[in-house]
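See below for the structure under consideration.
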Amino acid sequence: MIRNFAAALLLLGTLLFSDLAGAQTAPVTTQIRVGGQVIQKTDFDLSKLKSLPVATANVTYIAAGATTSHSFTGALLWDVLQSVGVITDQTVKNDILRKVVVVTGSDGYKVIFSLGEIDPFFGGNQVIVAYKQDGQLLGTDGVARVVAPGDKAGGRFVSNVAKIAVRDASQ
Ligand SMILES: Nc1nc2c(c(=O)[nH]1)N[C@H]1C(S)=C(S)[C@@H](COP(=O)(O)O)O[C@H]1N2
Ligand SMILES: [Mo]
């Protein structure tokens, strides 16, 4: 009887809080593993990110229903990927347009960008792997967060980026 009651309470709790399913606290990162379909799998720490050309953006976006504005400084996601070399098949027409990049936070949060949207010859979106927000290092948001200046909401602004992986999405 008591056990049934406990089970019912647990079920009720699960239903009430199911919109938080999967939400985790993110360990603070100090480096990003860049891998998948790249020539040279590489770990990027702050100094390695800083060695790439600097990109900045002032961005206004909606986070949890509130409009927020920040300036971000970092390296272009495209430049990070170029520095490790994206593997493409020269015999496949525009093979780069079949690729996506999976960005994973240290809490397991994941989002996708397509290479077509960040390739300067195609979408050219200035997606940034940002190590500064409003002129300061990110602190509890880790070594870097991703910033997608064209996005209206902050869902793809992954903080505590732990992994960036190139994948072929065409099969
Ligand atoms: N690692 C990680 N990054 C994340 C999230 C998350 O759950 N985990 N949530 C995203 C969502 S839904 C939003 S709206 C923004 C909010 O970021 P900010 O409040 O720091 O601007 O962070 C994004 N980055
Ligand atoms: Mo959000």
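Summary of computed values
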| read-out | value |
| --- | --- |
| Matching residues, segment 120-135, being out of contact with any helix residue (DSSP H, G or I) (no Cβ under 6 Å at 6 or more places or on another chain), surrounded by 14 or more Cβ atoms within 10 Å (Cβ to Cβ) and part of a loop (DSSP other than H, G, I, E, B) | Q126 |
| Residue list for segment 150-171, filter: surrounded by 15 or more Cβ atoms within 10 Å (Cβ to Cβ), more than 16 Å from ligand 2 (Cβ to nearest atom) and more than 12 Å from V28 (Cα to Cα) | K163, I164, A165, V166, D168 |
| Neighbours by Cβ (under 6 Å, 6+ apart or cross-chain): first from segment 117-143, closer than 10 Å to L77 by Cβ; second more than 16 Å from ligand 1 (Cβ to nearest atom) and of a type in the set (F, W, Y) | I118/W78 |
| Members of segment 64-95 that are within 16 Å of ligand 1 (Cβ to nearest atom) and farther than 15 Å from Q133 by Cα | A64, G65, A66, T67, L77 |
| Boolean, V101 is under 20 Å from L52 (Cβ atoms) and assigned to a strand (DSSP E or B) | yes |
| Residue match in segment 83-96 (condition: out of contact with any His (no Cβ under 7 Å at 6 or more places or on another chain), open to solvent by less than 50 Å² (accessible area, probe 1.4 Å), free of Cβ contacts under 8 Å to residues at least 24 places away in the same chain and over 19 Å from A165 (Cα atoms)) | yes |
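The values are calculated or read from the model by the stated rules, or taken from the named source; none is laboratory data. This structure is a prediction, so every number in the text was calculated from the model and none was measured. So basically every Cβ, Gly included, is an ideal-geometry build from the backbone, and we count neighbours across all protein chains shown. These area figures cover heavy atoms from the full protein model, side chains too; ligands, DNA and RNA do not enter into them. Shrake-Rupley method; radii C 1.70, N 1.55, O 1.52, S 1.80 Å.
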